[in-house]
């Protein structure tokens, strides 16, 4: 078996770890020697149709990411190519990022950082806590579960939305329908969006949703920018219809320098880097090796998409 691994998230030292575990596999990283590979380990944005057309022996694609919205699944189905993702690699770091954004607002950290520059010893009013608040998590998947676990440690009431019902630990309620979604919108003090991008979720958080939000709502998006109607979000922030927003994703990306979001004082922006962690590669390699073991034993991949 021959596998091409894209050198991006992973480096040569990580390939050596996988090579030592499976020495009989021909692991390649150079571009010229990849087109006869049986499998690809790569980021989704690399895998355009014109590239995949050149892989005549391709049977399996293992993504190095959880997201797969840019992949042409119909094309893969036509060719009989298996697609699997890496859903749990980034969940912990993204969950921690959610709290960094919330605590920046709640504890007025920006104000204190500015005061430090002036050597100013002055209290700033604290008006919000996570404890005894209601937290809505739109998308109760692997990221949502990690956020919920930490929210319960803070003493919050946690409401979740997902397409199919499950009794999930650390959620007080799980909703699957529009009425339940509206309940979350109405009752949440914090709304955390962790949805994948799809036809169904595009601009799912729209004007109707914002009409139901509390003025004190803190809005956090660590999923994809297009699941939110960004124009509606901007209007809500400008006119203070919500308290603020912590955003790791936007439309477009990178966000243009002249975009109004950069100028608003009730917004905190990070450049789609909520996955940042010193342990990302360790977790990713573990997922890749597990998937490979399933594949070699011709067992159903637990993270199979197509």
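Listed from fewest to most Cβ neighbours within 10 Å, the set 161, 112 follows the order 112, 161. Each stretch of four or more DSSP H residues adds -39500 (n - 2.57); spread over every residue of the chain, this sum gives -9500 deg cm²/dmol at 222 nm. Please compute, over every Cα-Cα pair in the range 166-298, the percentage with a separation greater than 25 angstrom. Taking all Cα-Cα pairs of the range 166-298, the fraction more than 25 Å apart is 38 percent. Against the longest principal axis of the chain, how steep is helix 12-21, in degrees 0 to 90 to the nearest 10, with axes from Cα atoms? Once rounded, the angle reads 60 degrees.
For the range 23-100, the calculated P(r), taken from all Cα-Cα distances in 5 Å bins from zero up to the bin holding the longest distance, is 3, 13, 23, 23, 15, 10, 7, 5, 2, 0 percent. Three principal axis extents describe the C-alpha atoms of the range 66-167; from largest down they are 65, 34, 17 Å. If both residues of a DSSP beta bridge must be in the chain, then about 5% of such bridges are antiparallel. Panel order for 169, 187, 146, by other beta carbons found within 10 Å of each beta carbon, from fewest to most: 169, 187, 146.
The angle separating the long axis of helix 91-106 from the principal Cα axis of greatest extent in the chain is about 20 degrees. Averaging Cα coordinates gives a centre for the range 162-208 and one for the range 29-61; these two points are 36 Å apart. Directionally averaged projected area (the range 91-269, Cα convex hull): 10.6 nm². For the chain, the relative contact order works out to 15 percent when only alpha carbon pairs closer than 8 Å and six or more residues apart are counted. Ranked by the mean number of other Cβ atoms within 10 Å per residue, highest first, peptides 16-23, 86-93 order as 86-93, 16-23. The angle between the Cα long axis of helix 280-296 and the longest principal axis of the Cα atoms of the chain comes to about 40 degrees, rounded to the nearest 10. Among 197-204, 216-223, the peptide with the highest mean count of other Cβ atoms within 10 Å heads the list, and the full ranking is 216-223, 197-204. Neighbour counting of Cβ atoms within 10 Å sorts the residues 154, 210, fewest neighbours leading, into 154, 210. With only Cα atoms counted, the chain has Rg and Dmax values of 21.4, 67 Å.
Any read-out appearing in this document is the output of simple, stated calculations on the displayed coordinates, not a laboratory observation. Because the structure is a prediction, the values reported are computed rather than measured. Don't worry about glycine lacking a Cβ; one is built from the backbone with ideal geometry, like all the others, and counts go over all protein chains shown.
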